[in-house]
Amino acid sequence: TVMEQLLGVRSKEKQLCKLLGIDHCLIVAGDATELPKVLTDMGKLVNETLDVILPHGENIIAVMGGTTMAQVANSLTPKLAEKRHLIFVPARGGLGEAVDIQANAVCARMAVHTGGQHRVLYIPEHVSEQTYKPLLAEPAVKEVLQLVDKSSAVVHSIGEAIPMAKRRDMSTATITMLQQKQAVGEAFGYFFNQAGEVVYKIPRIGLQLRDLERIPSVIAVAGGANKAAAIKAYAQLAPQQTWLITDEGAANLILKGA
Ligand code: G3H
């Protein structure tokens, strides 16, 4: 019955939380890599979760980029902004993503879908550290970084290490290094191994992993069987208060101990 199915999912969510050591896990049916609808369902769940956990009034929401985040943006609704003033800000810039999935684009889309506001972080995607460092002194950059600092929520995804490095055009030398160090996952520009040890970090500005600890609401949204290892590894770095929004494709594999 529907009730049994629901209870089954709830018990799986509990097991997953226990295994991953985080406070909240929500699982949608299916596998996002096989069916696009699953990603939409995850997006809807992000919307509902934010609606439950965000306080009324002003909320600065720091967001990351990626294909998952771009889809999540489409699932946000004006209901979220009914009793809230929402400002979406890019959590980090310059990771090297294509324009339509950059954090800036995701923020703009989230603002459109909710009726909230957004800010842009003007950091070019493919420049050296010497080039972007002086940009930190720019008032427009500073203002956004200060907002990021005050954010009440963060929404981000988790990716597989090597596919992420390749998609972001990282150098062959860096990709080889990541392979040697057995990087399995990536989030916020941090690459980590199965034990949850950071093996490389893209030297960019904005939100850092350690900053997450003091942010009241953290939502990690990632699904698909291919991301199971990355999610499991990231959970060891994730702050306790994290809400993991995932699918059966990833959850079943993690629970099997794969
Ligand atoms: O940091 C993680 C990646 O941004 C995930 O990217 O949503 O396109 O798989 P994706």
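Only the coordinates and a few stated rules stand behind these numbers; no lab work does. These numbers come from a predicted model, not from an experiment. Don't worry about glycine lacking a Cβ; one is built from the backbone with ideal geometry, like all the others, and counts go over all protein chains shown.
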Packing-based ranking, highest mean first, of 197-206, 85-94 given that Cβ atoms within 10 Å are counted: 85-94, 197-206
Sequence ranges 45-55, 4-14, 168-178, ranked by mean other-Cβ count within 10 angstrom, highest first: 45-55, 168-178, 4-14
Taking every pair of alpha-carbon atoms in the stretch 214-258, give the share separated by more than 18 Å as a whole percent. 25 percent
Backbone HN-Hα couplings from phi across the stretch 132-141 [Karplus 6.51/-1.76/1.60, Hz, Gly and Pro as x]: 7, 3, x, 5, 4, 7, 5, x, 5, 6
Highest-first arrangement of 223-236, 145-158, where packing means the average Cβ count within 10 Å: 223-236, 145-158
Using θ = phi - 60° and the Karplus curve 6.51 cos²θ - 1.76 cosθ + 1.60, what whole-Hz ³J(HN,Hα) does each residue of the stretch 229-237 get, with Gly and Pro shown as x? 5, 5, 5, 4, 5, 5, 3, 6, 9
Shape of the stretch 107-191, Cα gyration tensor, a/c cut at 1.5: oblate
In Hz, Karplus ³J(HN,Hα) per residue of the stretch 170-183 (6.51, -1.76, 1.60; θ = phi - 60°; x = Gly, Pro): 6, 5, 4, 4, 5, 5, 4, 4, 4, 5, 4, 7, 6, 5
Net charge within 13 Å of Leu76 by Cβ-Cβ distance, Lys/Arg positive one each and Asp/Glu negative one each, not counting Leu76 itself? +1
Beyond 22 Å between alpha-carbons counts as too far, so tell me which of Lys44/Lys256; Lys133/Lys227; Lys227/Lys256; Lys201/Lys227; Lys12/Lys256 fall in that bin. Lys44/Lys256; Lys133/Lys227
Residues whose built amide H sits under 5 Å from the amide H of Leu244, excluding neighbours closer than 5 in sequence, are His24, Cys25, Leu26, Ala220
Projected-area mean, the stretch 44-168, by convex hull of Cα positions, square nanometres: 7.5 nm²
How long are the three semi-axes of the equivalent ellipsoid of the stretch 151-204, in whole Å, if each is the root of 5 times an eigenvalue of the C-alpha gyration tensor, listed from largest down? 20, 13, 9
Quick one: work out Rg over Rh on the C-alpha atoms of the stretch 1-56, Rh as Kirkwood radius. 1.01
So what is the calculated 222 nm ellipticity per residue for the chain, using -39500 (n - 2.57) for each DSSP H run with n of 4 or more, over all residues, to the nearest 500 deg cm²/dmol? -12000 deg cm²/dmol
Tell me the Kirkwood hydrodynamic radius of the chain in angstroms, computed as one over the mean inverse distance between distinct C-alpha pairs. 18.4 Å
Using the Cβ atoms and a cut-off under 14 Å, what net charge is assigned to the surroundings of Phe88, where Lys and Arg are +1 and Asp and Glu are -1? +4
Least to most buried among Val221, Val184 (fewest other Cβ within 10 Å first): Val184, Val221
Cα gyration tensor shape for the stretch 1-97, rounded if a/c is under 1.5, else prolate or oblate: prolate
Mind running the shape call on the stretch 106-258? Use the C-alpha gyration tensor, a ≥ b ≥ c as the square roots of the eigenvalues: rounded below 1.5 for a/c, prolate if a/b tops b/c, oblate otherwise. oblate
